[in-house]
Structure formats: C-alpha cells, structure tokens
Amino acid sequence: MRIERLPLNALRAFAEAVRENSFKAAAYRLGVTPGAVSRQVKQLEGHLGVVLFERHANGVCVTEAGRVLAEDVQAGLLRIASGIQNVTERSEEAFRLLLSAPPSFLQLWLLPRLPRFEANERQIEISLDAEARLTPPLWLPNRARLSLRYGQGPWPGVTSLRLFEDTLFPVCSPSLLAQANMQTPDDLLAQTLLTVDWCSHAGHPIPSWSDWFKSAGVALTKMPNQRQYSLYSLALDQAIAGQGVVLASYPLVADRLASGVLVRPFAEHYPLVSPFAYELILPSNGEAPPAVARFTEWLEHEAASFRDTSL
C-alpha cells in the first residue's frame, strides 16, 4: 500500500485499542469518544478486508490478525515518535515542559490560569498530561518533566514543593440550597451526596463524607443516599445542576464559588482540614533550568494568591 493512502488516524486508534484492550480506554487516551474509536477501527477493517476485533456484549477482543498487525503498527508509531523527539531535542528555539497532573486539578485550576503564563513565555512549550499516577520528574538543558500531585507525602526519591493545604466542605447549587433550606450539617442527611471513586494514595484513604460528618459533630447511624462518579468534574457538574451536594476541595471549586454557580450551605463553617495537599514534584538532584525556575516561581505566586483564607 502506498504511504499516501495509509489511514494513519485509524491505525493510531487501532493501536491504542489493542494496547488498552478497550475502545473506551483508547478513546480516553486519544481524547475522543468511544464511538469515534469504534468507527475508525471499523473503517480500517473495511479498508483491509480483515476482522481485527471480535465484539462481545462485555467489550472487545483482538483477533490473531489484529494482534500481528498491531505489533507492526505500534513499532512504526514508536519509530515516528522517536524521530520527532530527536528533532525536538535538537531544537534550541523552545524549551519543552511536560507537566502531568490529576485530571480534576488540571481542568478546574491549572488550565484557566496557564494562558497568563504562556502569554509572557513564548519560548516555553507546555504539554499537559492528565494522569493521576506519579510520573518520575526529570530535567535536561532544553526539556523537563514535572508533576503536580494531590496526596500525603513524603514522596520518595524526589523533591516536593507544597502549593496548597487542602480544605474540604460541602457545596451545592443556589437553587438546591433555597429549596432544601439547609441550616445545619444534620440537614445533609436528607440530601443526595455526590461522591467520587478516588484511588487511595500510598495507602492513605482520601477524606470522605463520613470524615466530614464526624468533624461536623454529626452522629451517623447510616450514610445518606449517595451517587458515585468516576471523575470529580462529573460530580461537580451534577452539583451545579442541582442534583445533590458534593464534598469540595477548595482549589477545585473556588472559581465556581466566586461566579455564584456553587454556594457553601453553611457559609464558612464546618471546614474539614485534609491531611492531603497539592504539591509540585521536582527531581531531587541537579539544578532547575531557567525556564523551569520561571514556571515554578509563577506557580508559587498563583498558589499564594489563591489559598483558602476561610479558616
């Protein structure tokens, strides 16, 4: 097949689907919908005249032909990526900064603020990776990889710079607050509580609704009705829509409190000080390149002007 006729988008979707053994997981990595991945794979199968995946009610399974093709496709994509990286590393025009962060912090706090930094730093190219797992940091003369993390240190083998202590408190929509007339923490027992399926951090469970009720002096005989989500942003959207009350982390909701789409039912009362914090993870040795030092200074300034003053 001539190179100009290669369906590169479909091949990339196919390779990710084989790697993840799931159209849904591949779609998340590619930033598209599962339907889009399914259509790309279907088009590739039609183009080749070969079945690459067996479809089942519970998911998909790569065929033998698909497995063989995936090995060659993935090898080709890796070689392309390596070639691009080599060219990029030789470039002295821009400093490349790869920053990984939990999806919720990336979406709700960092992304709204990052354009202010980029407007003054044209020679720094920032790539973002929505990743909850800790990526080992590194820095080289013309590129660096850093991580923003939410957790409870110490972080082994790295240096950490604390940005925020965390404060947790209930938030809901103004319409739900007016309708439910919540006056005391006990009133939340009659509400739908929106929760997130967090992963524990190094054996430390993230504070939950039961921890907040305990700190607020509410004796629980059983938990109220709860609705669980896989992403914090989904729970927050449902709170804004008036579908329940979410236990909020201050940095993630401060902008929405300021805009008025979310409110604190008990004003500034009953905050739960979390043992977790938001931290920037840096390599433990070597000297930060000037571009990283400027980014770190900007990040510290943004964090300092944003910390919760309600305690």
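Key figures
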{"read-out": "In region 24-67, residue surrounded by the most Cβ atoms within 10 Å (Cβ to Cβ) [restricted to those that are among the polar types (S, T, N, Q) and over 19 Å from Leu6 (Cβ atoms)]", "value": "Ser38"}
{"read-out": "Sole residue being assigned by TED's automatic domain parsing to the domain that holds Leu146, without any contact (Cβ under 8 Å) to a residue 60 or more places away in the chain and not basic (Lys, Arg), chosen from Leu108, Leu114", "value": "Leu114"}
{"read-out": "Helices (runs of 4 or more DSSP H) completely within region 19-101 that count 2 or more residues being in contact (Cβ under 8 Å) with a residue 24 or more places away in the chain", "value": "34-48, 64-90"}
{"read-out": "Residue satisfying condition, being within 13 Å of Ser173 (Cα to Cα) and out of contact with any Gly (no Cβ under 8 Å at 6 or more places or on another chain), within set Pro265, Pro275", "value": "Pro265"}
{"read-out": "Any hit, region 119-140, residues being more than 30 Å from Gln243 (Cβ to Cβ), more than 17 Å from the chain's Cα centre (by Cα) and assigned to a helix (DSSP H, G or I)", "value": "yes"}
{"read-out": "The lone exception for Lys214 - which of (1) of a type outside the set (S, T, N, Q); (2) within 20 Å of Phe164 (Cβ to Cβ); (3) modelled with pLDDT of 90 or more it fails", "value": "(2)"}
{"read-out": "Unique residue being more than 19 Å from the chain's Cα centre (by Cα) and in a loop (DSSP other than H, G, I, E, B) when the list is Glu287, Glu297", "value": "Glu287"}
{"read-out": "Pro224 vs. criteria part of a loop (DSSP other than H, G, I, E, B) and surrounded by 12 or more Cβ atoms within 10 Å (Cβ to Cβ)", "value": "yes"}
{"read-out": "Residue under evaluation Ala10, criteria (1) part of a helix (DSSP H, G or I); (2) free of Cβ contacts under 8 Å to residues at least 24 places away in the same chain, criterion not met", "value": "(2)"}
{"read-out": "Residue within region 250-257 that is over 18 Å from the mean Cα position of the chain (by Cα) and not assigned by TED's automatic domain parsing to the domain that holds Thr195 present", "value": "no"}
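The values are calculated or read from the model by the stated rules, or taken from the named source; none is laboratory data. Everything numeric in this text was worked out from a predicted model, so none of it was measured. Methodologically, a virtual Cβ is constructed for each residue, glycine included, from the backbone with ideal geometry; neighbour enumeration extends over all protein chains shown.
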